[in-house]
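All remarks here apply to the structure that follows.
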Ligand SMILES: Nc1ncnc2c1ncn2[C@@H]1O[C@H](COP(=O)(O)OP(=O)(O)OP(=O)(O)O)[C@@H](O)[C@H]1O
Ligand SMILES: [Mg+2]
């Protein structure tokens, strides 16, 4: 485990150094990441200019929710960016070499790149969380702070696991681009709004089938003390389940790997 | 038990069957058909420690696929593989420490990283101690001229430079067995010589080598045993010399005669043998089938007619032999 | 003409080859549409916002989603990656006009995009109980404007991909473009609902012609001369950007020879 973490850290570090070589790209990416969070904010502010609340969620609460979703989404590009190259690697037979090395293939894949636009998401999302918390009505206690951090870590784990699951689908789907994963993750964008606006089918799907709701809605509900806040406390369990699922799907996929002719 | 043991090794790929054109694509959309394709078909192979084996065959014979099976990249459809006692695709991690792999067409260097970073990452994966790593780099630098390449980003390397860096990457951890799939593809003569020299040294160090190539010069320089496969099946396995003995029937003898002699006169004395005049009136070339004549008989025949100054017997060219094998002339 | 039609067909076929990918892409688009519908449904339950009631907003979102779909099957990725991996050199040796060739490929996606749009429209009608439809006159205006979206989106994507000649990283540029287009076209939120400091720039930028114009024609918010004016603006943007792209391309080629592709 320690060894695996070290390999992961070194690999990510090497890619970070490589990316930092191109200063212009660095800024373009950060700005692009930030822009998306700004769009979310513009949408919310334009809407809340006309309505006081969205299904019982006030403006600061909605900003907190969207900010959490954005913040967690920034972790993917920063720490799991290599995963998005899996489809191309499978298609071109580029898992051949990783398979001949004494390190977990998943770790080699996941750490195979870094996307600095995540920094923009972290900054934008973080700012929205901060502003949202400051303007929401929360009775703070050490337990609430600790719980909040635990839930944040769990929700990040869920999203990163979903990224792995989605991209591992490329073992079955084929093609050069991770379209399945893109769909899976983009669908999750619906979770940046309060879950209660959706119909019962969507709510059930997002809670049980693909747990997007545990990325931001349930943790934020717990923090804000919304109705059925206790569900938020299940987030760590859901996270563990997602990790298990991601490893399983990747392992099964790897068994299907056929390399490429030549 | 041998270092590498494969029994009945088989790999079947499933290929989509699609008619050409837009119609074909649309049809495949509705009705998906597949066809099984046997890339490797029941291969038995044992390689002892320290051997160096050339693995040759025409395009599409199944060479690369075999290597992928032996290295644990692909899971065999049938048959077993053991490499140093481990089953490569299940004991992947254990096997990985024993082997080094190079696919000449593809690099294992990280595309956007300088070569130095790639090598350092491999160092971490193989848990090499700093001292060992340094010593290996020095050694590899000596034979491959690495120093200039270290700071360069992999994507900017020329083909020859890339291959040198890739060789270093494959051999960094001093593997027991090295699989090389076309290690000299696209290289110029001087780099090729350097690579071959390097492979010879590797062999002298006691490393086990398995090498596929279309450049038979690689084989003659480096390998003592040759395995020929075609359509996924083994059609020859034995020492290089034995293959020549067995399949190189035609021999060529160049003779320098003491005085000008018409070729007809010699041909008369040597029936069933082709005699051709050389560049000068005193030179002739005699081509004979070594299963029907010995070199001694030929010389005796010529001596009946004229004194011989010098003579020289061509080595059977492995190229000719392999060409015939590929063409199906010397099958099974 | 023939070679361009050939490219168009090739492009359609490529999209069909990765049919599963295309299918999943559309499903992804559909869930996005479903999400927007849900948000607006909740928001509009207490009454209209900025002049949009639920029925109009439904139609607006459908038009917005449809215009966003145009060109997405082909994708600017495809063009960009050809520049990165040096294929552009091969493309340049062909006796074809580069811009027209890429445009043909872009249009190759239209067939599948139209199918997807039709399916989405049917789904909205089925699941949300109907959809406002314009009268014949407005419908015609809308159709013309919708057709103009294809070349308009192409030129914008095409100009964006040329950033590849100057930066190593197309992704960031492409996203920044997407963000800007989404905001200023009206795909994020109807332009009328934007705060003044954003509505101002939106009015003068070409992006409004992508979503706001077709939507206004569909919903009958612009009729008569105003409708024709909007169409004229849209057509003018197509021409300006098309020729602007040519100018930039000429400069980009210079960069290409400098960097060696
Ligand atoms: N991943 C794959 N999927 C489907 N078919 C494959 C795959 N890999 C190889 N093949 C097929 O298996 C056969 C053997 O391929 P292989 O790459 O082993 O040949 P080779 O002997 O290495 O040929 P070459 O000398 O051209 O490199 C070929 O017909 C090839 O088309
Ligand atoms: Mg091969």
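The values are calculated or read from the model by the stated rules, or taken from the named source; none is laboratory data. None of the values given here were measured: they were computed from a predicted structure. Ideal geometry is used to build each Cβ from the backbone, glycine not excepted, and the neighbour counts take in all protein chains shown.
Elements of the type helices (runs of 4 or more DSSP H) sitting completely within the stretch A:146-222 and holding at least 3 residues that are free of Cβ contacts under 8 Å to residues at least 60 places away in the same chain: these cover A:179-187, A:200-204.
Run down A:222, A:230 and say which single residue is at pLDDT 90 or above and surrounded by fewer than 18 Cβ atoms within 10 Å (Cβ to Cβ).
From the options A:222, A:230, the qualifying one is A:230.
Evaluation of residue A:10 against the conditions (1) touching a helix residue (DSSP H, G or I) at 6+ places or on another chain (Cβ under 9 Å); (2) facing chain C (nearest Cβ under 7 Å) shows that the sole unmet condition is (2).
With respect to residue A:60, is the statement that it is away from chain B (no Cβ under 14 Å) and assigned to a loop (DSSP other than H, G, I, E, B) true? The answer is no for residue A:60.
Does residue A:125 count as within 9 Å of another protein chain (Cβ to nearest Cβ), buried (at least 22 other Cβ atoms within 10 Å of the Cβ) and under 17 Å from the mean Cα position of the chain (by Cα)? First the steps, then the outcome.
Values: within 9 Å of another protein chain (Cβ to nearest Cβ): no; buried (at least 22 other Cβ atoms within 10 Å of the Cβ): yes; under 17 Å from the mean Cα position of the chain (by Cα): yes.
For residue A:125, the condition - within 9 Å of another protein chain (Cβ to nearest Cβ), buried (at least 22 other Cβ atoms within 10 Å of the Cβ) and under 17 Å from the mean Cα position of the chain (by Cα) - is not met.
State yes or no: is residue B:79 farther than 21 Å from residue B:50 by Cα and within 16 Å of ligand 2 (Cβ to nearest atom)? I'd like the intermediate steps shown before the answer.
On the way: farther than 21 Å from residue B:50 by Cα: yes; within 16 Å of ligand 2 (Cβ to nearest atom): no.
No, not satisfied.
When residue B:260 is tested against the conditions (1) in the same structural domain as residue B:56 (by TED's automatic domain parsing); (2) more than 11 Å from residue B:54 (Cβ to Cβ), the lone failure is (1).
One residue stands out in the stretch B:70-86 among those that are more than 17 Å from residue B:208 (Cβ to Cβ) and within 10 Å of chain A (Cβ to nearest Cβ): the one that is farthest from ligand 1 (Cβ to nearest atom), namely B:75. Checking each residue in the stretch A:75-97 for being in a helix (DSSP H, G or I), within 16 Å of ligand 1 (Cβ to nearest atom) and within 12 Å of chain B (Cβ to nearest Cβ) picks out A:88, A:89, A:96, A:97.
Of all residues in the stretch B:218-230, which are within 16 Å of ligand 1 (Cβ to nearest atom) and either within 8 Å of residue B:54 (Cβ to Cβ) or modelled with pLDDT under 90 (or both)? Give the steps one after another, and end with the answer.
Step one: list which residues in the stretch B:218-230 are within 16 Å of ligand 1 (Cβ to nearest atom), which gives B:218-219, B:226-230.
Once the filter is applied, which keeps residues that are within 16 Å of ligand 1 (Cβ to nearest atom) and either within 8 Å of residue B:54 (Cβ to Cβ) or modelled with pLDDT under 90 (or both), the stretch B:218-230 yields B:218, B:219, B:226, B:227, B:230.
When residue C:134 is tested against the conditions (1) without any contact (Cβ under 8 Å) to a residue 60 or more places away in the chain; (2) within 15 Å of residue C:223 (Cβ to Cβ), the lone failure is (1). State whether the residues of the stretch C:218-232 include one that is in a helix (DSSP H, G or I), surrounded by 23 or more Cβ atoms within 10 Å (Cβ to Cβ), touching a residue at least 24 places away in the same chain (Cβ under 8 Å) and away from chain A (no Cβ under 14 Å). Yes, some residue in the stretch C:218-232 is in a helix (DSSP H, G or I), surrounded by 23 or more Cβ atoms within 10 Å (Cβ to Cβ), touching a residue at least 24 places away in the same chain (Cβ under 8 Å) and away from chain A (no Cβ under 14 Å). The condition of being part of a strand (DSSP E or B), closer than 30 Å to residue B:289 by Cβ and free of Cβ contacts under 8 Å to residues at least 60 places away in the same chain holds for only one of B:238, B:217, that being B:238.
Is one or more of the residues making up the stretch A:239-253 within 16 Å of ligand 1 (Cβ to nearest atom) and either more than 14 Å from chain C (Cβ to nearest Cβ) or in a helix (DSSP H, G or I) (or both)? Within the stretch A:239-253, one or more residues are within 16 Å of ligand 1 (Cβ to nearest atom) and either more than 14 Å from chain C (Cβ to nearest Cβ) or in a helix (DSSP H, G or I) (or both). Within the stretch B:130-170, restricting attention to residues that are farther than 27 Å from residue B:67 by Cα, part of a loop (DSSP other than H, G, I, E, B) and within 14 Å of another protein chain (Cβ to nearest Cβ), the residue that is farthest from ligand 1 (Cβ to nearest atom) is B:151.
Yes or no: residue A:28 at the interface with another protein chain (Cβ under 8 Å from one of its Cβ atoms), more than 23 Å from the chain's Cα centre (by Cα), in a helix (DSSP H, G or I) and surrounded by 18 or more Cβ atoms within 10 Å (Cβ to Cβ)? Steps first, please.
Working: at the interface with another protein chain (Cβ under 8 Å from one of its Cβ atoms): yes; more than 23 Å from the chain's Cα centre (by Cα): no; in a helix (DSSP H, G or I): yes; surrounded by 18 or more Cβ atoms within 10 Å (Cβ to Cβ): yes.
So residue A:28 fails the test.
Within the stretch B:96-105, if we keep just the residues that are facing chain A (nearest Cβ under 8 Å) and in a helix (DSSP H, G or I), the residue that is farthest from ligand 1 (Cβ to nearest atom) turns out to be B:97.
So for the stretch B:37-53 (the condition being assigned to a loop (DSSP other than H, G, I, E, B) and within 13 Å of ligand 2 (Cβ to nearest atom)), does at least one residue qualify? Before you say what the answer is, go through the steps one by one.
So in the stretch B:37-53, the residues assigned to a loop (DSSP other than H, G, I, E, B) come out as B:48-51.
Right, trim to within 13 Å of ligand 2 (Cβ to nearest atom) and you get none.
No, every residue in the stretch B:37-53 fails to be assigned to a loop (DSSP other than H, G, I, E, B) and within 13 Å of ligand 2 (Cβ to nearest atom).
Filtering the stretch C:172-180 for residues that are at pLDDT 90 or above and more than 10 Å from every other protein chain (Cβ to nearest Cβ) leaves an empty set. For the stretch B:59-66, the criterion of a residue being in contact with a helix residue (DSSP H, G or I) (Cβ under 7 Å, 6 or more places away or on another chain), over 20 Å from residue B:150 (Cα atoms) and assigned to a loop (DSSP other than H, G, I, E, B) is satisfied by no position. When the stretch C:29-88 is filtered for residues that are outside any helix (DSSP H, G or I) and away from chain A (no Cβ under 12 Å), the ones remaining, listed by number, are C:53, C:70, C:71, C:74, C:86. Residues that are within 16 Å of ligand 2 (Cβ to nearest atom), assigned by TED's automatic domain parsing to the domain that holds residue B:234 and not in a helix (DSSP H, G or I) do not occur anywhere in the stretch B:83-94. Residue count for the stretch A:62-79 satisfying the condition of being buried (at least 24 other Cβ atoms within 10 Å of the Cβ) and closer than 30 Å to residue B:94 by Cβ: 0.
Give the residue that is nearest to residue B:72 (Cα to Cα), with candidates limited to residues of the stretch B:97-126 that are touching a helix residue (DSSP H, G or I) at 6+ places or on another chain (Cβ under 8 Å), free of Cβ contacts under 8 Å to residues at least 40 places away in the same chain and more than 16 Å from ligand 2 (Cβ to nearest atom). Walk me through it before giving the result.
Within the stretch B:97-126, the subset touching a helix residue (DSSP H, G or I) at 6+ places or on another chain (Cβ under 8 Å) is B:100-104, B:106-115, B:117-126.
Narrowing the set further to residues that are free of Cβ contacts under 8 Å to residues at least 40 places away in the same chain leaves B:106, B:117, B:120-121, B:124-125.
Next, only the ones that are more than 16 Å from ligand 2 (Cβ to nearest atom) stay: B:117, B:120-121, B:124-125.
Working: B:117: 26, B:120: 24, B:121: 21, B:124: 21, B:125: 17 Å.
Going through the qualifying residues, I end up with B:125.
Hey, can you tell me all the residues within the stretch B:171-207 that are away from ligand 2 (no atom under 16 Å from the Cβ), within 14 Å of another protein chain (Cβ to nearest Cβ) and not in a loop (DSSP other than H, G, I, E, B)? Once the filter is applied, which keeps residues that are away from ligand 2 (no atom under 16 Å from the Cβ), within 14 Å of another protein chain (Cβ to nearest Cβ) and not in a loop (DSSP other than H, G, I, E, B), the stretch B:171-207 yields B:171, B:177, B:178.
Of all the listed residues (A:46, A:53, A:103, A:66), the sole one being touching a helix residue (DSSP H, G or I) at 6+ places or on another chain (Cβ under 7 Å) and facing chain C (nearest Cβ under 10 Å) is A:46. Number of residues in the stretch C:124-167 that are surrounded by 14 or more Cβ atoms within 10 Å (Cβ to Cβ), outside any helix (DSSP H, G or I) and within 14 Å of chain A (Cβ to nearest Cβ) equals 1.
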